[in-house]
1. Provide, in order from the shortest bin, the percent of all Cα-Cα pairs of the stretch 45-194 in each 10 Å bin, continuing until the bin that contains the maximum pair distance.
2. Any idea what the relative contact order of the stretch 85-233 is, in percent, if you count C-alpha pairs under 8 Å spaced at least 6 apart?
3. Quick one: if you take sqrt(5λ) for each eigenvalue of the C-alpha gyration tensor of the stretch 194-335, what semi-axes come out, biggest first, whole angstrom?
4. Before rounding to the nearest 500, sum -39500 (n - 2.57) across all DSSP H runs of length at least 4 in the chain and divide by the residue total; then give [θ] at 222 nm in deg cm²/dmol.
5. Can you give the Kirkwood hydrodynamic radius for the chain, in Å, rounded to one decimal and based on Cα pairs?
6. What whole-number distance in Å separates the alpha-carbon centres of the stretch 363-408 and the stretch 75-137?
7. Under the definition of Cα pairs under 8 Å and six or more residues apart, what whole-number percent is the relative contact order of the stretch 355-472?
8. So what does the Cα-only Debye profile of the stretch 101-172 read at q = 0.21, 0.23, 0.26 Å⁻¹, as log10 I(q)/I(0), no solvent term?
């Protein structure tokens, strides 16, 4: 892969790796990656807050279908911003057959995020999607490609159909994606469809094909992607269990330690010799944020490394400043703590949580939150007795989840990470009691090691500090 980066900045959280961070990293010659998770929500909330700085409008002015932009603005833009404690508008949750307005918002949001990240430099920008959140995939991907995204990264599932969708969108052709439906039977229609020409307001030339990098935690998945994917896989991010966010479940029986954290073993270590045998570039992720680990990765045959946590706490990230400051101080004092929670995420995937007072990492605070699922990005689709497709979430009210056929035991300990992660970047929903949603910070196991990026006598650092430290 000509011109492939040595350092990939991970696509983090919901909006943590926003256009500002990705643009800064790409501007420094490495690969900046925006998070594609819930971008429709983020974009709509930024507009309701009055579009501070006018950045969303600036990015949207480059969108090729301006009638679509004006429709989105009319629906969500509030010139003066929201009043204190005024709730954000509730967007419809994604379903199999979605309203055109939702798909328009999604296209515009993904376009703007990538377009803004590309400003001021000529280097590629990437976008990261969570395979588990399948419903918005197709309009999200098309919107990002309209903006000229250079790389698409996807993990937390098996994204075997994404390369085919990429290839179809190059010429604005319809694409499909298989929706995972629990209990689906032969003959059920479980296919998601998106036809760009139903939305196009003018003819466009073919789009640039972005490179596709699959995020994997096993040799088996990497080999499967190469053998069975329609279209081209351009490389892999090999993510170990020390990385932040969602982790792949351990192979074999799940074990937890005395603190309740997931325990990984020898079976969860990827065989790099087998990765090299695939003859595709790969990057190592999870605990590689040091010059020594970067050199180790290169010596093992990797193209480079993916770094998340170090960038999550730099000045350019969109993590709330108070959370950022508190955890950097904890890291500097060697008091930062991260554990792999087997229950927090409704996906069933282990999820990294950083311990921080005043956030929903404290079980007693989360217990005070009324259970509600009103964003729905991590819901699971299931077949009803009548043959319809419906949705449920292990983080919604337990009785409602059980009434939809879910195992009520599966709802124990689950957190609404959709709402919590939006709060973590300063976009919390205000509830009926007037209180905002609490945040939840995810980070990798090497959170304490971010002190290596701090300039002497300071407790803040930049993306440039991360890159210069890693490449010295």
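Please treat every number below as a calculation from the coordinates, not as lab data. As the structure is a prediction and not an experimental result, all values here were calculated from the model. Note: ideal-geometry Cβ built from the backbone for every residue, glycine included; neighbour counts use all protein chains shown.
1. 10, 36, 35, 16, 3, 0
2. Details: 214 pairs, mean separation 35.6, N = 149.
Worked out over the stretch 85-233, it gives 24 percent.
3. Working: eigenvalues 190, 120, 59 Å².
They are 31, 25, 17 Å, listed largest first.
4. Details: 16 runs with 141 residues, N = 472.
One gets -8500 deg cm²/dmol as the mean residue ellipticity at 222 nm.
5. On the way: mean 1/r = 0.0444 Å⁻¹.
It is 22.5 Å.
6. With the stretch 363-408 and the stretch 75-137 each reduced to a Cα centre, they are spaced 23 Å.
7. Working: 122 pairs, mean separation 22.4, N = 118.
Taking the mean separation of contacting Cα pairs over the length of the stretch 355-472, I get 19 percent.
8. -0.91, -1.07, -1.28
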